């Protein structure tokens, strides 16, 4: 495993299986076994974007591993007033044992990690969301017993979003069949897919649903795209995940969402609140997966 986790490119299949094993162990032992993997260590949580699941899961995770979590509002740090990322990285490397950062720029995170002498975990950028997707893969393994070419996932929405990009990398790593269903204007990032035969783009949402094991979607208007709301609501309307799509999927197909969800927009309420929806199992797994990643890196 690399020093940092900035995208799913930073892990190999063995690393993924090790994360699964450790996350499952933490999940089974939670509340029963005291773990001190981060005892005596201070972890900085730098946030430029608002958060519920990411902040809470990382703070709780650090605490349950015996460490100290420091929440750092990027807008109230000197880097928010013009201090360079490199200077910030050098200073924090002398105070902390690890950095978790949720921000906008992937390039900024990469510069932070390049200069920092301590590990850096990407907790979300505009381009990638690796911790979320690794938790999703664990959830798929829990329900299907495997994560490989026998699993078909369909993502509906912005094919160039951080979730879609990270799913593409996950498909390249695991071999799962991935279909991105989106309008042509926001079709999949072909350069990230790199021509992998198990990853396709399909404009027709019904065709994309054929034989699907897991439907996945995300909000149509992510942070930073508020000015495009009206246009996005219009172009994504045909890509709502609803009961009709499930008619074309496998009988036991499940629904995934990174949350928060907007019922009536990217997903219908009857799907979101049905037995097909495993979004809260998925959300819980963020905690266990991130504890595993932190244990391995920090």
| message | Being under 19 Å from residue 146 (Cα atoms), in a loop (DSSP other than H, G, I, E, B) and either modelled with pLDDT of 95 or more or assigned by TED's automatic domain parsing to the domain that holds residue 149 (or both) narrows it down to one residue among 212, 179, 221; which is it? | response | 212
| message | Given (1) in a helix (DSSP H, G or I); (2) farther than 22 Å from residue 2 by Cβ, identify the lone condition not met by residue 261. | response | (1)
| Is it the case that residue 50 is on the phi < 0 side of the Ramachandran plot and not in a loop (DSSP other than H, G, I, E, B)? | no
| note | Taking segment 121-140 and the residues there that are assigned to a helix (DSSP H, G or I) and within 11 Å of the chain's Cα centre (by Cα), the one that is nearest to residue 288 (Cα to Cα) would be 135
| Residues 118, 101, 46, 19: which one is surrounded by 18 or more Cβ atoms within 10 Å (Cβ to Cβ) and under 16 Å from residue 292 (Cα atoms)? | 19
| query | Across segment 265-290, what is the total count of residues that are farther than 30 Å from residue 230 by Cβ and not in a loop (DSSP other than H, G, I, E, B)? | reply | 9
| request: Working only within segment 224-252, note down all residues that are farther than 25 Å from residue 127 by Cβ, touching a strand residue (DSSP E or B) at 6+ places or on another chain (Cβ under 9 Å) and assigned to a helix (DSSP H, G or I). | output: 245, 246
| Can you tell which of 100, 56, 60 is assigned to a strand (DSSP E or B) and either touching a strand residue (DSSP E or B) at 6+ places or on another chain (Cβ under 6 Å) or over 18 Å from residue 119 (Cα atoms) (or both)? | 100
| query | Within the set of pairs 6 or more residues apart or between chains, which connect a residue that is modelled with pLDDT of 95 or more inside segment 133-146 to a residue that is surrounded by fewer than 17 Cβ atoms within 10 Å (Cβ to Cβ) and in a helix (DSSP H, G or I) with Cβ atoms less than 7 Å apart? | reply | 139/281
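The values are calculated or read from the model by the stated rules, or taken from the named source; none is laboratory data. It should be emphasised that the depicted structure is a prediction, and the values quoted were computed from it without experimental measurement. Counting neighbours? That spans all protein chains shown, and the Cβs are built from the backbone with ideal geometry, glycine included.
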